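Asker: Sending over a structure as structure tokens; questions will come in a sec.
The values are calculated or read from the model by the stated rules, or taken from the named source; none is laboratory data. Values in this document were obtained by computation on a predicted structure and should not be read as measured data. Cβ sites come from the backbone with ideal geometry, for glycine too, and all protein chains shown count toward neighbours. Keep in mind that these areas ignore ligands, DNA and RNA; they rest on the heavy atoms of the full protein, side chains included. Shrake-Rupley method; radii C 1.70, N 1.55, O 1.52, S 1.80 Å.
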Amino acid sequence: MSAGVMAEDGYRLWLRYDSLPKQTVERYRPHVASLVVQGRSPTLAAIREELVAGLSGLLGTKVAVAADLDRDGAIIVGTPRSSPLIARLRLDHLLRALGPEGYIIRSVRLDGRRAIAIASDGEVGALYGAFHLLRLMQTVQPLDDLDIVERPRLRLRILNHWDNLDGSIERGYAGRSLWNWSELPARVDQRLRDYARACASVGINGSVLNNVNADARILSAEYLRKVAAIADAFRPYGVRVYLSIRFSAPMELGGLPTADPLDPTVAAWWRQKADEIYSLIPDFGGFLVKADSEGQPGPRTYRRTHADGANMLAAALAPHGGVVMWRAFVYDPKPGYDRAAAAYDSLKPFDGKFAPNVLLQVKNGPIDFQPREPFHPLFGAMPKTQLMPELQITQEYLGFSNHLVFLAMMWREFLDSDTYAEGPGSTVAKVIDGSLYGQRLTGMAGVANTGSDRNWTGHHFAQANWYAFGRLAWDPNLAPRRIAEEWVRMTFTRDPATAERIVRMMLESYEALVDYMTPLGLHHIMWPGHHYGPAPWWDKAERPDWNSVYYHRADARGLGFDRTATGSDAVSCYNPPIRDLFANIATCPEKFLLWFHHVPWDYRLLSGRTLWDELALRYQRGVDWVRAARKEWDALADRIDAERHAEVARKLAIQERDAVWWRDAVLLYFQTFAKRPLPPGVERPAHTLDFYMTTSLKW
């Protein structure tokens with residue numbers, strides 16, 4: 001990822017330090033005459049290397065590296081302990097308050113010379129500050145009179161990789177795993193360092209290396225040595241490694257007859273395993289656990305609780321400072337149950353029962369990473385439990401790496417959702433950052449979309465979702481427009497007019513995808529297994545809640561899942577008044593209408609149209625947007641490098657094909673219940689319903 005590499009293949013992500021316009025360079029030169037990074041450590045070396053490459057590339061000439069302040073215009077970077085110059089600024093009290101990852105970027109004078117100081121209480125914080133300065137320059141922001149104070153709002157900002165030991169990636173759409181287990185630990189690919197560098201540039205500080213559907217072998221001595229080699233590559237960039245563990249590992253690796261969390265021999269095995277891990281990886285982060293879910297073993301096998309299982313593991317990690325992230329994705333089938341309430345019913349009774357180093361990792365919505373869901377009711381329902389959201393960056397239900405969809409819009413909607421747990425303003429963001437309940441251990445997880453593809457994410461625009469996750473995990477209050485503007489200017493173009501056109505396309509993309517996939521609260525109507533393309537007719541799975549028909553419940557009367565008191569009553573999981581808002585068909589936001597209500601086909605929506613007409617027109621609107629986006633992108637052919645422009649154009653063509661397929665297949669199927677014609681303005685399907693029901697959309 002060297003700044004000197006000019007190939008336009010997407011490998012450099014948003015860290016593209018190409019020369020700035022001449023006028024901008026002239027404005028910056030007085031502020032960037034030399035670089036002073038005092039001290040010696042792997043992280044300080046990374047800071048020095050990044051700034052030399054970045055500043056030299058942006059300014060078009062090599063920036064001098066100095067041992068001390070010898071001229072105006074120096075960039076001084078470090079901590080009070082590593083740099084005598086930073087120590088002289090007497091910022092110690094403020095820096096300690098910001099913590100080891102916070103930083104200050106300030107225009108200062110030392111010995112009568114002007115300088116820009118990047119100061120932190122920790123070396124990784126100084127690295128984050130260095131990336132911030134480079135971001136200012138990449139986006140052509142002024143460097144005069146700087147006084148920036150930053151610290152992360154969340155403590156753990158972690159990518160979850162669903163990578164398997166054979167190199168495959170579950171729900172991965174950008175090639176093979178980045179971790180070449182067969183070559184480790186002897187050979188560590190440079191790409192791992194580039195990955196850690198990209199993560200650090202947006203403040204991501206942790207990486208779970210393996211699939212939540214874990215293979216117990218990841219905890220074997222052989223694999224732990226490989227994990228340690230990865231940790232060594234990540235450490236200079238402040239990225240700690242975590243592992244997904246299999247709850248039955250004491251049996252599969254240790255030969256024990258049980259994995260009962262209350263059995264002393266099981267607890268002892270986990271303590272010894274934790275000691276072994278930390279002897280190899282002193283800064284190991286901890287465990288991610290999927291237990292008692294979709295066939296994964298867990299404590300309930302032994303009639304123990306989720307708290308029993310999580311706390312046993314937490315006790316093994318606590319002496320080393322490790323954490324347990326216990327996934328809340330549990331939904332045991334019961335007669336007449338509603339999957340949307342399953343995790344709430346299973347876990348709310350254990351509020352206050354989890355150990356201090358346990359985080360309950362909760363998906364943003366109560367089903368499973370759907371294009372649109374209401375916020376998960378556990379947020380705001382467990383005031384004595386530490387919760388962290390799990391977002392999905394990889395697009396399992398959103399068109400894989402073929403569809404352009406800027407997920408910051410979805411995440412902003414989720415974070416801004418008001419739980420009303422402590423009255424109005426009790427947003428999800430306030431729940432997870434600790435400001436609502438005083439939660440001390442905070443975090444956010446994102447299921448990663450990276451892979452071995454040269455451009456990392458399969459679709460050039462999917463890089464923006466990796467970037468956006470990092471920025472929102474650092475500050476959950478950031479606006480999607482700001483994130484998109486940064487990313488476009490750093491990745492594609494600094495031309496304001498061109499950038500604005502691309503940003504607008506990104507900001508519109510999420511709502512458009514919802515329109516052509518699951519408008520008005522529809523959900524989980526994708527093909528089974530791979531989840532690509534529509535299959536609202538699917539009813540052949542062994543469990544009711546693995547079938548599309550379970551979720552939409554179409555019949556001659558109407559469409560939608562009744563989750564009010566007359567149905568499953570899952571709406572009661574929410575706090576009033578949001579519960580009452582959702583429960584009343586007249587006040588339920590239309591974006592969640594079919595999520596909470598079984599709505600008659602002739603019910604009038606706010607537009608004045610019937611449900612059937614509105615549904616059909618929403619699908620058409622989604623198709624129309626993709627077509628317009630293709631034209632907009634084609635019009636930018638002379639503004640974007642040819643290689644990336646052509647690759648995005650090919651993806652947009654696939655997206656249009658898929659959007660049309662979604663519209664035609666879904667409307668033809670629901671039309672068999674509605675018995676109504678398509679309204680004017682909606683195109684007629686190209687094939688019969690039988691064709692769509694027997695032909696899976698290919699990706």
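Asker: Roughly how many debye, to the nearest 20, is the charge dipole of region 346-475 about its Cα centre, given +1 on each Lys and Arg Cβ, -1 on each Asp and Glu Cβ, and no other charges?
Answerer: So the dipole magnitude of region 346-475 works out to roughly 240 debye.
Asker: Let me know the shape class of the chain, please: from the alpha-carbon gyration tensor, a ≥ b ≥ c as square roots of the eigenvalues, rounded when a/c is under 1.5, otherwise prolate if a/b is greater than b/c, or oblate. Don't jump to the answer; show the numbers that get you there.
Answerer: Values: a/c = 1.83, a/b = 1.28, b/c = 1.42.
Oblate, because a/c is 1.5 or more while a/b does not exceed b/c.
Asker: Cross-link list LYS334/LYS591; LYS290/LYS363; LYS290/LYS698; LYS273/LYS384; LYS384/LYS430: which exceed 21 angstrom alpha carbon to alpha carbon?
Answerer: Violating the 21 Å Cα-Cα cut-off are LYS334/LYS591; LYS290/LYS698; LYS273/LYS384.
Asker: So for the chain, taking the charge dipole from beta-carbon charges (+1 Lys/Arg, -1 Asp/Glu), which of TYR692, LEU156, ASN465 sits furthest toward the positive end?
Answerer: Farthest towards the positive pole: LEU156.
Asker: With the Cα gyration tensor of region 502-583 giving a ≥ b ≥ c as the square roots of its eigenvalues, does the rule (a/c under 1.5 for rounded; else a/b larger than b/c for prolate; else oblate) give rounded, prolate or oblate?
Answerer: Note, shape of region 502-583 comes out oblate.
Asker: Another question, then. Mind checking which of ALA583, ALA355, ILE75 is farthest towards the positive end of the chain's charge dipole, using Cβ charges of +1 (Lys, Arg) and -1 (Asp, Glu) about the Cα centre?
Answerer: It is ILE75, whose Cα lies furthest towards the positive end.
Asker: Shifting gears a bit: What does the highest-first list of 163-175, 251-263 look like by mean Cβ count within 10 Å? Mind showing how you got there, number by number?
Answerer: Values: 163-175: 18.6, 251-263: 17.1.
Highest-to-lowest ranking by the protection proxy: 163-175, 251-263.
Asker: Can you list the HN-Hα couplings for region 657-673, worked out from phi with the Karplus curve (6.51, -1.76, 1.60; θ = phi - 60°), rounded to whole Hz and with x for Gly and Pro?
Answerer: 4, 5, 4, 5, 4, 4, 4, 5, 5, 5, 5, 4, 5, 5, 5, 5, 9
Asker: Pull up all non-local amide H partners of VAL323: gap of 5 or more, or a different chain, and H-to-H distance under 5 Å with H placed in the peptide plane.
Answerer: GLY286, PHE287
Asker: What aspartates and glutamates sit close enough to LYS22 to cross-link, taking a C-alpha to C-alpha distance under 17 Å and skipping anything fewer than 8 places away on the same chain?
Answerer: Within reach: ASP495.
Asker: Probe 1.4 Å, all protein chains in place: accessible area of VAL202 in Å², nearest 10?
Answerer: Rounded to the nearest 10, that gives 10 Å².
Asker: Continuing with the same structure: Can you tell me how much longer the chain between ARG303 and ASP602 gets when fully stretched, taken as 0.36 nm per residue apart minus their C-alpha distance, in nm with one decimal?
Answerer: 102.8 nm
Asker: Between beta-carbons, use under 10 Å as the cut-off and find the net charge around LEU472, counting Lys and Arg +1, Asp and Glu -1. It would help to have the intermediate numbers written out before the result.
Answerer: Numbers: positive: ARG153, ARG157, ARG412, ARG471; negative: ASP475.
That works out to +3.
Asker: Let me check I've understood the local charge: for THR427, count other residues with C-beta under 9 angstrom from its C-beta, Lys and Arg +1, Asp and Glu -1. What total comes out?
Answerer: -1
Asker: Here is a follow-up. Quick check: with the 1.4 Å probe, what order do GLU183, GLU614 take by accessible area, largest first?
Answerer: GLU183, GLU614
Asker: While we're looking at this one, here's another question. With a 1.4 Å probe and every protein chain kept in, tell me what percent of the accessible surface of the chain is carbon plus sulfur.
Answerer: That fraction is 51 percent.
Asker: Say R0 is 45 Å: what FRET efficiency, to the nearest 0.05, do ARG81 and ARG454 get from their beta-carbon distance?
Answerer: On the way: r = 40 Å, r/R0 = 0.89.
Plugging the Cβ-Cβ distance into 1/(1 + (r/R0)^6) gives 0.65.
Asker: Name the residues whose placed amide hydrogens come within less than 5 Å of the amide hydrogen of ALA421, ignoring near sequence neighbours (fewer than 5 apart) on the same chain.
Answerer: Residues meeting the criterion, in which the H sits 1.01 Å from N, are SER426.
Asker: Which whole-Hz couplings ³J(HN,Hα) result when phi for each residue of region 187-204 is put into the Karplus expression 6.51 cos²θ - 1.76 cosθ + 1.60, θ = phi - 60°, listed in order with x for Gly and Pro?
Answerer: 10, 10, 4, 4, 4, 5, 5, 5, 4, 4, 5, 5, 4, 4, 5, 10, x, 6
Asker: Spelling out what I want: for every residue of region 593-607, take phi, set θ = phi - 60°, compute 6.51 cos²θ - 1.76 cosθ + 1.60 (Karplus), and round to whole Hz; glycine and proline get x.
Answerer: 3J(HN,Hα) across region 593-607, in whole Hz: 4, 7, 6, 9, 9, 8, 9, x, 4, 9, 5, 8, 8, 4, 6.
Asker: Still on this model: What value, in deg cm²/dmol to 500, does the helix sum -39500 (n - 2.57) over DSSP H runs of n ≥ 4 give at 222 nm once divided by the residues of the chain?
Answerer: Numbers: 22 runs with 259 residues, N = 699.
Estimated from H runs of four or more residues: -11500 deg cm²/dmol.
Asker: Moving on to the next point. If you roll a 1.4 Å probe over the heavy atoms of the protein chains, what accessible area per residue do you get for region 394-528, in Å²?
Answerer: Counting only protein heavy atoms, the per-residue value for region 394-528 is 24 Å².
Asker: State to the nearest 20 debye the size of the charge dipole of region 411-461 about its Cα centre, where the only charges are +1 on K and R beta carbons and -1 on D and E beta carbons.
Answerer: It comes to approximately 200 debye.
Asker: Which value, in Å² rounded to 10, gives the accessible area of GLU276 with a 1.4 Å probe and all protein chains present?
Answerer: Taking all protein chains as shown, GLU276 has close to 60 Å².
Asker: In the chain, with Lys and Arg counted as +1 and Asp and Glu as -1 at Cβ, which of these residues, ALA635, ALA115, GLY529, has the Cα nearest the positive end of the dipole, that is, farthest along it?
Answerer: After comparing all options, I get ALA115.
Asker: Nearest 5 is fine: what % of DSSP beta bridges in the chain come out antiparallel, could you say?
Answerer: That works out to approximately 30 percent antiparallel.
Asker: May I ask you to order 506-512, 277-283, 623-629 by the average number of other C-beta atoms within 10 Å around their residues, highest value first?
Answerer: Numbers: 506-512: 21.0, 277-283: 16.3, 623-629: 18.9.
Most protected by this proxy first, the peptides run 506-512, 623-629, 277-283.
Asker: Once you have a ≥ b ≥ c as the square roots of the Cα gyration tensor eigenvalues for region 549-675, tell me rounded if a/c is under 1.5, and otherwise prolate or oblate according to whether a/b is larger than b/c.
Answerer: prolate
Asker: Still on this model: Rank-order 576-586, 684-694 by packing density, defined as the average count of other C-beta atoms within 10 Å over each peptide's residues, highest first.
Answerer: Descending mean neighbour count gives 576-586, 684-694.
Asker: Amide H neighbours of MET388 under 5 Å, at least 5 residues apart or on other chains, H built in the peptide plane: list them.
Answerer: LEU360, GLN361, VAL362
Asker: In debye, nearest 20: dipole of the chain around its Cα centre with unit charges on the Cβ of K, R (+) and D, E (-)?
Answerer: It works out to roughly 860 debye.
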